[in-house]
1. Counting just the Cα atoms, what span does the stretch 4-163 cover along each of its three principal axes? Round to the nearest Å and put the largest first.
2. For S26, S138, give me the order by solvent-accessible area with a 1.4 Å probe, most accessible first, ignoring ligands, DNA and RNA.
3. Of all trypsin sites (Lys or Arg not before Pro) in the stretch 85-155, which ones are in loop regions per DSSP and have a Cβ with at most 16 other Cβ atoms within 10 Å?
4. Can you list residues whose amide H is under 5 Å from N160's amide H, if they're 5+ apart or on another chain and H is modeled 1.01 Å from N?
5. Only Cα pairs within less than 10 Å get springs; with that Gaussian network setup on the chain, which residue of D27, D53, D153 has the largest fluctuation?
6. Along the Cα→Cβ direction, 7 angstrom out, place labels at F32 and V5. What is the inter-label distance in nm?
7. Could you give the length gained on full extension between A165 and R62, defined as 0.36 nm per residue of separation minus the Cα-Cα distance, in nm?
8. Given the whole protein assembly as supplied and a 1.4 Å probe, what does the accessible area of E14 come to in Å², nearest 10?
Amino acid sequence: MTPIVLSVEPLTTEAFSPFGDVIEASDAARHFPINGGNTERFHDLMTIATDTDGHAIVSIFRGQPRALPFTLGMLERHPKGSQAFMPLSGRAYLVAVAPAGEGVTVADVRVFLARDDQGVNYAPGTWHHPLLALHAVSDFLVIDRAGPGGNCDEIILQPNGVIPA
Ligand SMILES: NC(=O)N[C@@H](O)C(=O)O
Ligand code: NI
């Protein structure tokens, strides 16, 4: 089957809202001075969700860069918890997502280009492709769920999607 060429959109809070949160120190976020004015707090930027048996953990993912054009052949989801990625290496990266639910196809996929100062937090069940680092090996702070039971469903995309160079 002929792969579908996917368009890449800039990441914004509004555009990403069906899939989760965008983590960025923007004027749109609630922010206020603390520490006697030395520091600005950008407050409560995302919702960390886990099921009652699980708990939130913090990890660092060191991603190898993906070559473009990139074939998007699968998606995954984490039904028991959210998953957040915050870039640590000062590089942009790609985020490929589709709405939670069943019967997802490549037609439901949206691809975003995230700036090096933007993180994303996938809501539980949001379909997404595993980390899509660009240009060089890149580190990301990751906040997600650990606990009993499986928490990663995968689907194959037929036809595939292609993220162009
Ligand atoms: N497997 C794993 O922890 N990583 C994926 O969930 C991912 O979204 O990169
Ligand atoms: Ni994931």
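The values are calculated or read from the model by the stated rules, or taken from the named source; none is laboratory data. Fair warning: this is a prediction, and the values are worked out from it, not measured in the lab. Please note: Cβ atoms are built from the backbone with ideal geometry, for glycine as well, and neighbour counts cover all protein chains shown. These area figures cover heavy atoms from the full protein model, side chains too; ligands, DNA and RNA do not enter into them. Shrake-Rupley method; radii C 1.70, N 1.55, O 1.52, S 1.80 Å.
1. Between the extreme Cα coordinates on each principal axis of the stretch 4-163 lie 56, 37, 28 Å.
2. Values: S26 30, S138 5 Å².
Correct descending sequence by accessible area is S26, S138.
3. R115
4. I4
5. Highest fluctuation of the listed residues: D27.
6. 5.0
7. Working: separation 103, 0.36 × 103 = 37.08 nm, distance 2.21 nm.
Extra length available between A165 and R62 comes to 34.9 nm.
8. Accessible area of E14: about 130 Å².
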